[in-house]
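Worksheet for the structure shown next.
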């Protein structure tokens, strides 16, 4: 992987990580179109640059993360801990199976299409949205959202889509469901990314560190822009655009698989 390829993949990560469109599916397409080899470093890089995306959430919602530390009211963090527990448990138990599914581009294509169909009708499924402030999210609701997030362990589902749908099922407004999904991404992605990096850090070279640094900076900047766009758009227009986009993206990936371009 060269610097140009690293920047492109980081842009794709930043754009898609917090949108309900499957960052995994997009990075598979990007890597294949760029001709990036399917190596251990490529897999490690796509996980490692998630740190930049995580920092974008912390930066944009800095007050939300700092306020509980100043006041001593740690309910916000406790709810995130409760919500992330299912992902930690299932992720640990099914780690090998999840890695095996990541090798299946066909699984990603199918779940992208299926998830797109769901997003076309999601606003009709959950019309009762009475919770608009995170202080009103109870611990059972936080746990339920965390369980929904676990569906995203199937590659192509989209962690963002699963947790937002879970939030709406728990009667959160679209805006709060999206924001809680962002907050929940911080411990979830930090744990997953840290685990993968610890397993593979011995294979990282000084040249790789440069790619990681550039990739994280790019992912950080692009993710901030994507989050701001998503929140504004979601409040006005809902999920249909993302549903259609997922279906088209899944069909493109499926066509690449059937043509033999992607194995």
(1) in a helix (DSSP H, G or I); (2) in contact with a strand residue (DSSP E or B) (Cβ under 9 Å, 6 or more places away or on another chain): which one isn't true of residue 122, the others all being true?
(2)
Output yes when any residue across the range 73-94 is under 27 Å from residue 46 (Cα atoms), more than 15 Å from the chain's Cα centre (by Cα) and at pLDDT below 80, and no when none is.
yes
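Yes or no: residue 85 farther than 30 Å from residue 29 by Cβ and either without any contact (Cβ under 8 Å) to a residue 24 or more places away in the chain or assigned to a helix (DSSP H, G or I) (or both)?
yes
Only one residue in 67, 53 is assigned to a helix (DSSP H, G or I) and under 27 Å from residue 12 (Cα atoms). Which one?
On the way: 67 fails: under 27 Å from residue 12 (Cα atoms).
Just a single option satisfies the conditions, and that option is 53.
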The correct count of residues that are in contact with a helix residue (DSSP H, G or I) (Cβ under 8 Å, 6 or more places away or on another chain) and within 24 Å of residue 127 (Cα to Cα) in the range 229-254 is 15
Considering only the range 145-162, I want to know if a residue exists there that is within 20 Å of residue 16 (Cα to Cα), in contact with a strand residue (DSSP E or B) (Cβ under 9 Å, 6 or more places away or on another chain) and crowded, with 18+ Cβ neighbours inside 10 Å.
no
Of the residues in the range 12-22, those that are modelled with pLDDT of 85 or more and either outside any loop (DSSP other than H, G, I, E, B) or within 22 Å of residue 100 (Cβ to Cβ) (or both) come to 12, 13, 14, 15, 16
Scan the range 157-176 for residues that are part of a loop (DSSP other than H, G, I, E, B) and under 18 Å from residue 53 (Cβ atoms) and jot them down.
157, 158
Identify the single condition in (1) touching a helix residue (DSSP H, G or I) at 6+ places or on another chain (Cβ under 6 Å); (2) under 26 Å from residue 244 (Cβ atoms); (3) surrounded by 19 or more Cβ atoms within 10 Å (Cβ to Cβ) that residue 172 does not satisfy, given that it satisfies every other one.
(1)
Given (1) at pLDDT 85 or above; (2) under 28 Å from residue 246 (Cα atoms), identify the lone condition not met by residue 40.
(1)
Selected residue (only one of 183, 212 is in contact (Cβ under 8 Å) with a residue 60 or more places away in the chain, in contact with a helix residue (DSSP H, G or I) (Cβ under 9 Å, 6 or more places away or on another chain) and either closer than 24 Å to residue 28 by Cβ or not in a helix (DSSP H, G or I) (or both)):
212
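The values are calculated or read from the model by the stated rules, or taken from the named source; none is laboratory data. Bear in mind that the values here come from a model prediction, so they are computed numbers and not experimental data. Glycine also receives a Cβ, built like all others from the backbone with ideal geometry; neighbour counts cover every protein chain displayed.
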